[in-house]
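Trainee: Take this structure first; my questions come after.
Computed from the coordinates by the stated procedures, all read-outs in this text should not be read as laboratory data. As the structure is a prediction and not an experimental result, all values here were calculated from the model. Glycine also receives a Cβ, built like all others from the backbone with ideal geometry; neighbour counts cover every protein chain displayed.
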Amino acid sequence: MSIRVMSAVWDLDLPDSEKLIALALADWCSDEGICWPSIAQIAKKSSKSERTVQGALISLEKRGYLTRDQKPGKGCLYTLTPAAAAPRSDNTPADTAPPQPLRKTPAAAAPNTSGTTNTPKRASPSLGARPPKRATSIPESFIPTMSGKTADCVNGWPPGRFDDELEHFADYHRANGTTSHDWQASWRTWVKNSKKWEPKNGKRPHHDRPSGPIESRRRFREQHDVEPDLGYGQG
């Protein structure tokens, strides 16, 4: 979910159905506004019929807030750009406003007559600083964001394999109770390692697709940079 994209959607003046569909997409989007849920997933999240969803998507596209790129065998890639088409706020300063000259403040040069010592204050922590990212379990509605070599690898898969690999990826990590600091990075590693699981010359590969045994769990946590959930299975 992108807070930046969702905040921009809230500022749009849209009919209720279109805004609800746009907010549902924003809940899946990366900060670049990219996501690819199915029509059925959007309808379920927004509590609208699939026909209403399709009509809202067409309207959002006409308004310039959405672009769609159909991927044969893989669904539709959506790019949500609410900020690009939104009008500039009336509170935005005029571009031609002249710079104002700086004036010295008399109080800055006034002597200290209070008898107290001025102690310099410590700089407060930056408001923009982010706390360290926590390792979490895989989200229920995890949608990979792909580019570069990962996208090239997935584009070379036969129809249906993307859905199969994504389902296997999510089921495996939920069943094993694993956590990760970056699930997008874990997915890229999964796609990279998928080449090892493909049969070559009709022979079974040396590296098997991960399964349930304890040894497989340990090995895959190392490969995917994920940590065991220490509370998993405890009463």
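Trainee: From the square roots a ≥ b ≥ c of the eigenvalues of the alpha-carbon gyration tensor of the stretch 145-192, which class results: rounded (a/c under 1.5), prolate (a/b over b/c), or oblate?
Mentor: Cα axes put the stretch 145-192 in the oblate bin.
Trainee: Hey, rough spin-label estimate for Thr67 and Ser49, points 7 angstrom out along Cα→Cβ, what's it come to in nanometres?
Mentor: Going by the 7 Å Cα→Cβ label model, 3.2 nm.
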